Amino acid sequence: MIGKEKMSAEPKPPLPLPSSPPTVGATTLPQPAQPGGTHGDDEGRLPSRPAVDAQIPLPRVTIKFCTQCKWMLRAAYYAQELLSTFSTSLGEVALQPATGGVFVVQIHHVPPTPEPASSSSAGVGTVPPPPAAAAALARTLWDRKVDGGFPETKELKRRLRDVIEPGRNLGHVDRDYPPRPAPAASASVRDATVEEKGETASARQESVGRPVEVGTPPSQPRPSPKITATSTAPEPKESAVDKVERIIRKMVEAEAEREKRAAESEAKEKAAAAERVDLAHRAAVSAAADLAGSEPKCEDCQ
């Protein structure tokens, strides 16, 4: 018993303290974003309105139509015709439903700007930034209440062409739309004609009002008959080589004339086919509008 008490009375040695606190792992878990903090602000942020507007492709054609008048098929038909003719020249064709009997075709485009002068400090492979949508101009191509009724596809295409591609030829669309003559050229020709007429009239008056003295020789001698005799000299005979060349030239001209006539006839056939397609589209649109039935229209449409 005494030995057991001695053994229990002896103090126990203290445990060694760790030199460094234990670590769970080298990786740290991401902390949630705090309100008002800077972490994760750039991620998930919605683009601002100017940034969205800058991404709108230009030129952009908008067709605003009245839904109560059932003009949706008509607007879609015009959009199809513009896209089939200009294809990639247009950035976007949009349909905007509205009320009040409106049918307006507008285009938003950026006018051409002069290229800036190149500087030596500019890089060789630099690309200019795209035009901003804020600088785009809106132009009305057709308004039903102003122009009266609905436009023909030819007229609408010509007006759109004059804005985005002034130098483009639309083929059969421009057949009955001759270009206007330049006013400066016609004015110069008219002035030259008036001057020639005035000089001729003044010379005639001077010759009529000049007195003729009897017995005095004329101031200018009359032309000699020998001068006119030289114009009646016989022409040289045509050689065999010249004759062959003349025949070949005539054959080439005749062949060119035949090709020209064939091209004109082919162009007329294409124009007639396009007219037939246009009439078929119009008939389909009117038939679909008739089948849709009658619904209450707005006051402006009645």
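Using a 10 Å cut-off around each Cβ, can you sort V61, V102, V241, V277 from fewest to most neighbouring Cβ atoms? Spell out each step's value before the answer.
Details: V61 25, V102 18, V241 8, V277 11.
By the 10 Å Cβ count, ascending: V241, V277, V102, V61.
Which order results if F65, F150 are arranged by neighbouring Cβ count within 10 Å, fewest first? Write out the running numbers ahead of the final one.
Details: F65 24, F150 14.
In order of increasing Cβ crowding within 10 Å: F150, F65.
Residue order for C66, C298, fewest other beta carbons within 10 angstrom first, comes to C298, C66.
Since every read-out is calculated from the coordinates, none of them should be taken as a lab result. Nothing here was measured: the structure is a model prediction, and the numbers come from that model. With ideal geometry, Cβ positions are generated from the backbone for all residues, glycine too; neighbour counts draw on all protein chains shown.
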